[in-house]
Amino acid sequence: MAEWKLWSEEKPKEETHILVTRDFNNRYHKSRCVEPGVVFNGEFLSDWSEHQIYSDAYSEPIAWMPFPKPYKGE
């Protein structure tokens, strides 16, 4: 099973699809979330296009991990 890595200590390779943990903080709501995305030019780009609108309310990634392997069944 993949392990979480701190963003500040080790960043993923370019064009790697990952899951990140980061904080969302605007004047109405604060939460911590996990979201899928890709690394491009050293930056995390969310796969959740509707959240791109709120990108200024998101913090930098806190931690990341590669996608887990798909379920193969029995």
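Before moving on, here are some points about what is shown:
- Shown here for the range 1-48: GluC sites (Glu not before Pro) in loop regions (DSSP other than H, G, I, E, B) with at most 14 other Cβ atoms within 10 Å, namely Glu3, Glu9, Glu10, Glu14, Glu15.
- FRET efficiency, Glu10 to Ser31 (Cβ-Cβ, R0 25 Å, nearest 0.05): 0.50
- Considering only Thr16, Gly42, Gly73, and ranking their Cα positions along the charge dipole of the chain that arises from unit charges at the beta-carbon of Lys, Arg, Asp and Glu, the one farthest toward the positive end is Gly73.
- Close amide H contacts of Trp7 (hydrogens built in the peptide plane, cut-off under 5 Å, sequence separation of 5 or more or a different chain): Ala63, Trp64.
- Check: the chain dipole with +1 on Lys, Arg Cβ and -1 on Asp, Glu Cβ, in debye: 220 debye
- The label-point distance for Phe67 and Val38, in a model that sets each label 7 Å from Cα toward Cβ, rounds to 1.1 nm.
- Cleavage-rule hits, chymotrypsin sites (Phe, Trp or Tyr not before Pro), the range 1-46, DSSP coil, Cβ neighbours within 10 Å at most 11: Tyr28
- Distance histogram in 5 Å bins (all Cα pairs of the chain, percent per bin): 3, 16, 26, 24, 15, 9, 4, 2, 1, 0
Every number here is computed from the coordinates shown, using simple stated rules; none is lab data. Small disclaimer: the values here were computed from a predicted structure and weren't measured. Cβ sites come from the backbone with ideal geometry, for glycine too, and all protein chains shown count toward neighbours.
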